[in-house]
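Chemist: This is the structure, below, for whatever I ask next.
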Amino acid sequence: MVVHYARGRLSTPSGEYTFYYPKGIRWGCKMCGACCRDADHRPRRVLLLPSDVARLEKSGEREFKTDVKGEEPFVAEMRRRGGSCVYLTEKGCRVYPNRALLCRTYPFWIERDGDVFEILFDPRCRGMGRGGELKEGFYRDLLLQAIEQRDTT
Ligand code: SF4
Ligand code: SF4
């Protein structure tokens with residue numbers, strides 16, 4: 001699949017940013033829970049920022065590993081059991097309001113090079129191709145959420 005990227009701008013109290021986002025992507029979450037489980041080709045690792053850890057701990061949850069090294073800015077990883085995140089239940093995510101930033105943004109994630117961000121996506125998400133086309137504002141909100149979370153670390 002050839003994906004073209006467009007350039008966006010984000011202005012926040014902490015600075016001016018440029019970001020690149022995929023054009024023409026349609027997506028709507030099917031709530032299938034596949035992103036909370038290992039896939040055939042790879043384990044599902046949900047890494048946690050210090051702000052994720054703080055939020056989960058505040059709600060009394062400690063089901064994550066804290067011996068994660070070399071994944072900065074992430075400092076911990078959600079535990080899995082039987083190939084699924086320990087927080088996945090038959091009714092969905094047990095810690096939904098306190099879930100990690102990576103859980104909130106999937107199938108999108110953000111890579112950074114200085115003040116430039118690139119928003120990438122996983123084409124294997126089952127919600128790809130559903131719903132309306134995602135516009136710049138969607139990606140700007142995603143980025144803003146990520147910057148705010150990192151700024152609270
Ligand atoms: S983000 Fe994708 S994989 Fe995860 S629950 Fe939604 S549709 Fe399923
Ligand atoms: S914390 Fe919730 S949303 Fe995140 S992987 Fe676990 S079950 Fe899924």
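The values are calculated or read from the model by the stated rules, or taken from the named source; none is laboratory data. Computed from a predicted structure; not experimentally measured. Because the Cβ atoms are built from the backbone with ideal geometry, glycine has one as well, and the counts that use them run over all protein chains shown.
Chemist: Suppose we keep only residues that are more than 16 Å from ligand 2 (Cβ to nearest atom) and small (Gly, Ala, Ser) within segment 94-153. Which one would you say is nearest to Leu47 (Cα to Cα)?
Modeler: Here the residue is Gly114.
Chemist: What strands (runs of 3 or more DSSP E) lie completely within segment 1-117 and have 3 or more residues being in contact (Cβ under 8 Å) with a residue 12 or more places away in the chain, farther than 20 Å from Leu143 by Cα and within 16 Å of ligand 1 (Cβ to nearest atom)?
Modeler: Passing ranges: none, list empty.
Chemist: Additional query: Of everything in segment 142-153, what is part of a helix (DSSP H, G or I), in contact with a helix residue (DSSP H, G or I) (Cβ under 7 Å, 6 or more places away or on another chain) and touching a residue at least 60 places away in the same chain (Cβ under 8 Å)? Give them in sequence order.
Modeler: Within segment 142-153, just Gln149 meets the criteria.
Chemist: A follow-up question, please. Can you pull out every residue in segment 105-153 that is exposed (fewer than 15 other Cβ atoms within 10 Å of the Cβ), charged (D, E, K, R) and under 15 Å from the mean Cα position of the chain (by Cα)?
Modeler: Glu111, Asp122, Arg124, Asp141, Glu148
Chemist: In segment 128-141, what count of residues is obtained for those that are in contact with a strand residue (DSSP E or B) (Cβ under 6 Å, 6 or more places away or on another chain) and either within 14 Å of Arg104 (Cα to Cα) or in a helix (DSSP H, G or I) (or both)?
Modeler: 3
Chemist: All but one of (1) near ligand 2 (Cβ under 8 Å from one of its atoms); (2) of a type outside the set (S, T, N, Q); (3) modelled with pLDDT of 95 or more hold for Arg79, so report the exception by its number.
Modeler: It is condition (1) that Arg79 fails.
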